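What follows is a set of notes on a single structure, which appears directly below.
Derivation of every value follows stated rules applied to the coordinates shown; laboratory data play no part. What you see is a predicted model, and the numbers here were worked out from it, not measured in a lab. Here the Cβ is made from the backbone with ideal geometry for all residues, glycine too, and neighbour counts use every protein chain on show.
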Amino acid sequence: MHNLARPLKVVAFNGSPHKKGNTYKLVQKMFEVFHSKGIKTELVTIGNKTISGCRDCGTCSKKKLECVIKKDIINSSIKKILNADGVILASPTHFAGPSGAMKCFIDRVGYVNHASRDKDYNGFLYRKVCSSIAVHRRGGATNAHSQMNYLWSISGSIVPGSTYWNFGVGHRGVDVITDEEGLANMENLAHQMSDLMIMIKEDKLKKENK
Ligand SMILES: Cc1cc2nc3c(=O)[nH]c(=O)nc-3n(C[C@H](O)[C@H](O)[C@H](O)COP(=O)(O)O)c2cc1C
């Protein structure tokens, strides 16, 4: 159990149209580990919602931390990320990439983050502990996982490794729960994220108290 001033928090975004399908099960596996360490969690299902693509209007460079498109969940998701220590992108594999909703999410959140950066501010994804996880029936999950990771690697996020690439194998319902190796990988990944979040927080507190 960590003992820091404010409890740590992880927010996960699920790009599946199924609120409680295979992707959800992988996220839950990670959440079990976070809960055992007193880390708070929040899951936001984005795959069953309409999310517009980026308009490339450039308004986010003036508005700072906000997208001009207000009718979907992007701005509320940005607020959730701002208050989190760790962020997870989770998606089923759709045609060897993340779901369409997840792609729109990455384009919009990523661009707002990018536009917010200046010489005094590194963006809201900087030094947050971030992971991407995927599920597939047969092929393409490594690509979906890599594509989601591109958001982290351009944003100064801290991305832990696990014991395999972060995906599970499943097709219908919640059959990913029979993929023991996939589930063990999620557990390890959550331990890695937890350790990093705690280290980063302790370091911050040490610097503040100097
Ligand atoms: C539009 C669409 C495209 C898909 N493309 C792939 C694919 O490229 N490779 C694959 O192995 N499975 C593919 N699948 C299967 C899903 O990845 C798989 O059923 C997954 O377990 C669904 O997870 P969920 O229950 O979280 O939605 C596809 C499914 C859909 C609906």
Practice problem: Please indicate, with yes or no, whether at least one residue in segment 126-139 is more than 16 Å from the ligand (Cβ to nearest atom) and farther than 27 Å from GLU181 by Cα. | Solution: yes
Quiz prompt | Residue list for segment 92-111, restricted to those being near the ligand (Cβ under 8 Å from one of its atoms), crowded, with 19+ Cβ neighbours inside 10 Å and of a type in the set (A, V, I, L, M, F, W, C) | solution = none
Quiz item: Of the residues VAL135, VAL174, VAL169, which is surrounded by fewer than 19 Cβ atoms within 10 Å (Cβ to Cβ), touching an Asp or Glu at 6+ places or on another chain (Cβ under 9 Å), touching a residue at least 24 places away in the same chain (Cβ under 8 Å) and not aromatic (Phe, Trp, Tyr)?
Solution: VAL169
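Identify, from the list ALA144, ALA115, the residue that is surrounded by fewer than 20 Cβ atoms within 10 Å (Cβ to Cβ) and farther than 19 Å from GLU180 by Cα.
On the way: ALA144 fails: surrounded by fewer than 20 Cβ atoms within 10 Å (Cβ to Cβ).
Unique residue meeting the criteria: ALA115.
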